[in-house]
Amino acid sequence: MAAAALLRRIPAARAPPTALMAARTISDSTAPLTIETSVPFTSHIVDPPSRDVTTTPAELLTFFRDMSLMRRMEIAADSLYKAKLIRGFCHLYDGQEAVAVGMEAAITRSDSIITAYRDHCIYLARGGDLVSAFAELMGRQAGCSRGKGGSMHFYKKDANFYGGHGIVGAQVPLGCGLAFAQKYRKEETATFALYGDGAANQGQLFEALNISALWKLPSILVCENNHYGMGTAEWRAAKSPAYYKRGDYVPGLKVDGMDVLAVKQACKFAKEHAVANGPIVLEMDTYRYHGHSMSDPGSTYRTRDEISGVRQVRIL
Amino acid sequence: MPMATASSSLHGTAAALHGVGAAASSKPRSAAPVARSVRVAAAARGSGSARARGGMVARAAVAANAVAAAESKSGGHELLLFEALREALIEEMKADPTVCVFGEDVGHYGGSYKVTKGLAEMFGDLRVLDTPIAENSFTGMGVGAAMKGLRPIVEGMNMGFLLLAYNQISNNCGMLHYTSGGQFKIPIVIRGPGGVGRQLGAEHSQRLESYFQSIPGLQMVACSTPYNAKGLMKAAIRSENPVVLFEHVLLYNLKEKIPDEEYICCLEEAEMVRPGEHVTILTYSRMRYHVMQAAKTLVNKGYDPEVIDIRSLKPFDLHTIGNSIKKTHRVLIVEECMRTGGIGASLRSSIIDNFWDYLDAPIMCLSSQDVPTPYAAPLEDATVVQPAQIVAAVEQICQ
């Protein structure tokens with residue numbers, strides 16, 4: 001709904017180049033525009049940011065391009081896995097692209113990102129290229145980890161992307177360590193440590209939050225809540241599914257994780273907060289269309305109607 | 001054996017040991033290229049030693065100090081092992097602003113074994129960090145900080161507590177360099193006291209070197225004297241690899257005179273404690289002292305044991321060990337690890353693989369019993385290798 005309104009509002013900047021056979025003109029305008037997020041932010045012990053997000057037509061188009069590329073990459077990975085060209089574990093991110101793209105739009109490459117094993121799209125967002133990604137998935141030397149890591153171990157040091165971790169939750173203390181180094185060096189940058197709703201129940205997260213709050217580290221803990229921890233639904237694993245409140249004394253924000261503009265706004269807000277005041281928790285309400293990994297059909301613990309329902313309603 | 005007498009007797013023997021050790025090790029060695037630890041050539045104080053590999057220069061410098069202490073004005077200074085560790089920390093933290101210390105009670109309290117006493121006042125709360133009791137996360141944070149270019153030293157108040165951080169140590173600390181295709185280095189030092197103490201109970205008497213030894217990507221060393229404690233600590237901090245430095249609860253008050261000038265010990269080198277001809281005794285950490293006590297008895301009985309403190313638990317210094325075996329043809333390993341899956345088990349296996357043809361007798365390995373360490377003193381003593389057992393083992397091997 002928002003997207004349709006958007007397309008009507010984009011003015012034709014100039015005639016399209018003849019090479020591009022588009023049905024309608026594609027704008028690269030950088031004129032600012034303000035769009036209201038579809039859902040308001042919910043917050044915990046902090047005032048939420050405004051629902052009005054500033055962007056430009058050119059930025060919106062890069063969002064579309066990047067998210068489409070990520071979607072196509074994940075679907076291609078699915079086919080490659082079924083063809084046995086990708087082996088072992090392969091965790092796909094389709095449905096969650098807005099988190100990767102919105103976050104990247106709000107920060108710089110000097111900020112750090114660390115995530116778990118659903119890392120292919122974050123790698124792309126951080127400037128990774130498709131060839132390195134697919135080469136890694138297929139165990140080739142040209143891969144981003146020279147074929148030695150695999151799907152769960154994508155890293156890009158020059159873009160401050162710290163992976164790519166297979167053990168649930170273990171990346172969060174690492175992320176707080178990255179934030180510690182940023183504070184130690186007085187860098188005025190922040191670290192986004194991503195984890196899932198399943199990992200949210202790990203003790204080490206609370207340990208890391210406690211230390212981050214005590215030492216006022218610029219850590220931003222981002223829960224990508226896709227409502228399933230592997231094969232177990234959120235309500236069966238978590239007594240309190242309000243992950244943005246789990247920080248207790250640490251502020252939190254709940255965000256529509258399938259609205260790239262909301263994600264952008266929340267991440268911008270979180271970075272400013274973290275650099276000035278210490279840790280903050282972001283909960284991205286999102287969904288994954290695939291199962292937990294390629295070994296999981298994703299249909300034994302949820303219905304096909306639910307999956308197609310999300311596709312229709314949440315327009316991503 | 002009360003440690004008070006041990007500390008004073010060590011002082012006497014240490015100088016002699018080092019003097020003897022230096023003489024034995026002054027033979028030129030074509031050692032395999034050693035990894036990235038920086039070598040600080042000790043300023044030659046009239047010792048006239050050639051610029052050989054760093055470790056040897058260091059030993060030569062020590063020999064010069066120990067033997068010529070009376071002649072030289074600054075003939076070294078005497079300190080306890082925990083002070084030697086502390087000196088190493090202070091020197092490295094002064095030289096490199098990225099070095100920082102994480103641990104429980106390391107800051108304001110000064111460290112539960114006083115290794116970090118005074119450091120928080122000297123370097124501030126951002127470099128000497130009192131962590132909450134959360135080993136899993138603060139070890140992980142140390143690894144994360146190392147990924148971003150700092151050089152953290154993570155202290156386990158007792159090494160046993162680091163079992164809570166096993167995942168971080170194995171998967172992140174040990175493996176990230178590999179899984180990232182070489183992009184990240186983890187120049188972290190993980191250190192702390194372990195081993196069997198005085199009736200500390202089973203959970204506080206663990207030997208984590210046996211648990212960590214299989215972790216790929218991790219380097220392990222064990223210190224046993226003030227001299228090698230300082231040298232190994234400095235080398236570990238400078239190393240680009242993750243290093244676990246095993247200290248021992250009962251060795252912190254050992255006293256020794258160490259050089260005034262800067263030195264480091266090579267992480268991958270073993271230490272020749274007492275050269276001999278009849279049998280090679282390989283040991284490390286606290287068992288070194290049980291071995292040396294047994295050596296006195298053995299010498300009186302006419303035996304000439306060669307004692308090597310292996311120091312480098314991973315990788316083994318097979319060069320030094322091999323040269324010894326080629327000379328004596330008999331090996332006794334004396335360790336504090338439990339029998340099953342200990343350092344001795346791996347060392348035995350390595351020796352069989354590499355030096356089988358040089359052995360005239362089966363390799364003997366004396367280890368602790370495969371039991372939780374009891375609280376009652378006589379029981380505790382019975383689970384750990386005692387000097388009398390070492391004497392009996394040598395007599396058996398040398399038959």
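The values are calculated or read from the model by the stated rules, or taken from the named source; none is laboratory data. Keep in mind that what you see is a predicted model, and the values were worked out from it rather than measured. No Cβ is skipped: glycine too gets one built from the backbone with ideal geometry, and neighbour counts run over all protein chains shown. Just the protein is used for accessible areas: all its heavy atoms, side chains included, with ligands, DNA and RNA removed. Shrake-Rupley method; radii C 1.70, N 1.55, O 1.52, S 1.80 Å.
Points to keep in mind about this one:
- Residue within the stretch B:188-206 that is within 14 Å of chain A (Cβ to nearest Cβ) and within 16 Å of B:MET141 (Cβ to Cβ) present: yes
- Filtered residues of the stretch B:260-296 (kept if of a type in the set (A, V, I, L, M) and open to solvent by 20 Å² or more (accessible area, probe 1.4 Å)): B:MET272, B:MET292
- When residues in the stretch A:127-152 are screened for being in contact (Cβ under 8 Å) with a residue 24 or more places away in the chain and either within 10 Å of another protein chain (Cβ to nearest Cβ) or surrounded by fewer than 23 Cβ atoms within 10 Å (Cβ to Cβ) (or both), 9 of them pass.
- Taking the criterion of being facing another protein chain (nearest Cβ under 10 Å) and either of a type outside the set (Lys, Arg) or not in a loop (DSSP other than H, G, I, E, B) (or both), the residues of the stretch B:114-130 that qualify are B:ASP125, B:LEU126, B:LEU129, B:ASP130.
- When A:ILE113 is tested against (1) surrounded by 24 or more Cβ atoms within 10 Å (Cβ to Cβ); (2) more than 8 Å from chain B (Cβ to nearest Cβ); (3) part of a loop (DSSP other than H, G, I, E, B), just one condition goes unmet, and that condition is (3).
- Selection of the stretch A:117-128 for residues being under 11 Å from the mean Cα position of the chain (by Cα) and closer than 13 Å to A:HIS153 by Cβ yields A:ARG118, A:ASP119, A:HIS120, A:ILE122, A:TYR123.
- Across the stretch A:239-278, the qualifying residues are those that are under 18 Å from A:GLY198 (Cα atoms) and assigned to a helix (DSSP H, G or I), and the one among them that is most open to solvent (accessible area, probe 1.4 Å) is A:LYS245.
- Scanning the stretch B:333-357 for residues that are closer than 18 Å to B:THR373 by Cα and among the hydroxyl-bearing types (Ser, Thr, Tyr) yields one hit, B:THR340.
- Set A:GLY177, A:GLY203: member being within 8 Å of chain B (Cβ to nearest Cβ) and either of a type in the set (Asp, Glu) or surrounded by fewer than 23 Cβ atoms within 10 Å (Cβ to Cβ) (or both): A:GLY203
- Applying a threshold of 8 Å to beta carbon distances and a minimum spacing of six or more residues, or different chains, the list of pairs starting in the stretch B:88-107 at a residue that is under 15 Å from B:GLY142 (Cα atoms) and ending at one that is surrounded by fewer than 16 Cβ atoms within 10 Å (Cβ to Cβ) and at pLDDT below 95 reads B:CYS100/B:LEU126; B:GLU104/B:PRO132; B:GLU104/B:ILE133.
- Subset of the stretch A:180-200 [among the acidic types (Asp, Glu) and open to solvent by less than 10 Å² (accessible area, probe 1.4 Å)]: A:ASP197
- The listed residues are A:THR56, A:THR108, A:THR42, A:THR25, and the only one of them that is more than 18 Å from A:PHE154 (Cα to Cα) and modelled with pLDDT under 95 turns out to be A:THR25.
- Taking residues in the stretch B:131-145 that are more than 7 Å from chain A (Cβ to nearest Cβ), and partners anywhere that are surrounded by fewer than 24 Cβ atoms within 10 Å (Cβ to Cβ), the pairs with Cβ atoms closer than 6 Å and at least 6 places apart or on different chains are B:ILE133/B:GLU104; B:GLU135/B:PHE161; B:GLU135/B:LEU164.
- Odd one out for A:ARG236, checked against (1) in a helix (DSSP H, G or I); (2) more than 14 Å from chain B (Cβ to nearest Cβ); (3) open to solvent by less than 10 Å² (accessible area, probe 1.4 Å); (4) not aromatic (Phe, Trp, Tyr): (3)
- Residue in the stretch A:157-169 that is surrounded by the fewest Cβ atoms within 10 Å (Cβ to Cβ), counting only those that are over 17 Å from B:TYR166 (Cα atoms) and facing chain B (nearest Cβ under 8 Å): A:LYS157
- Filter result for B:ILE237 (farther than 24 Å from B:MET159 by Cα, in contact (Cβ under 8 Å) with a residue 24 or more places away in the chain and β-branched (Val, Ile, Thr)): no
- Which numbered condition A:GLY247 misses (of (1) of a type outside the set (Ser, Thr, Tyr); (2) within 30 Å of A:PHE64 (Cβ to Cβ); (3) out of contact with any Cys (no Cβ under 9 Å at 6 or more places or on another chain)): (2)
- Here A:ALA193, A:ALA238 are screened, and the one residue that is modelled with pLDDT under 95 and small (Gly, Ala, Ser) is A:ALA238.
- The number of residues in the stretch B:297-316 being over 19 Å from B:GLN399 (Cα atoms), out of contact with any Cys (no Cβ under 9 Å at 6 or more places or on another chain) and either open to solvent by 10 Å² or more (accessible area, probe 1.4 Å) or not in a strand (DSSP E or B) (or both) comes to 4.
- Residue under evaluation B:THR383, criteria (1) closer than 23 Å to B:GLY197 by Cβ; (2) open to solvent by 30 Å² or more (accessible area, probe 1.4 Å); (3) hydroxyl-bearing (Ser, Thr, Tyr), criterion not met: (2)
- The residue that is farthest from the other protein chains (Cβ to nearest Cβ), counting only those in the stretch B:162-174 that are of a type in the set (A, V, I, L, M, F, W, C) and buried (at least 21 other Cβ atoms within 10 Å of the Cβ), is B:LEU162.
- Looking at A:VAL172, A:VAL101, just one residue is away from chain B (no Cβ under 14 Å), outside any loop (DSSP other than H, G, I, E, B) and either modelled with pLDDT under 95 or open to solvent by less than 20 Å² (accessible area, probe 1.4 Å) (or both), and that residue is A:VAL101.
- Number of residues in the stretch B:349-399 that are within 26 Å of B:GLY302 (Cβ to Cβ) and among the small types (Gly, Ala, Ser) equals 4.
- Any hit, the stretch B:344-360, residues being in contact (Cβ under 8 Å) with a residue 60 or more places away in the chain and not in a helix (DSSP H, G or I): no
- Candidates in the stretch A:116-126 are the residues that are in contact with a His (Cβ under 6 Å, 6 or more places away or on another chain) and open to solvent by less than 30 Å² (accessible area, probe 1.4 Å); of these, the one that is farthest from A:SER79 (Cα to Cα) is A:ALA116.
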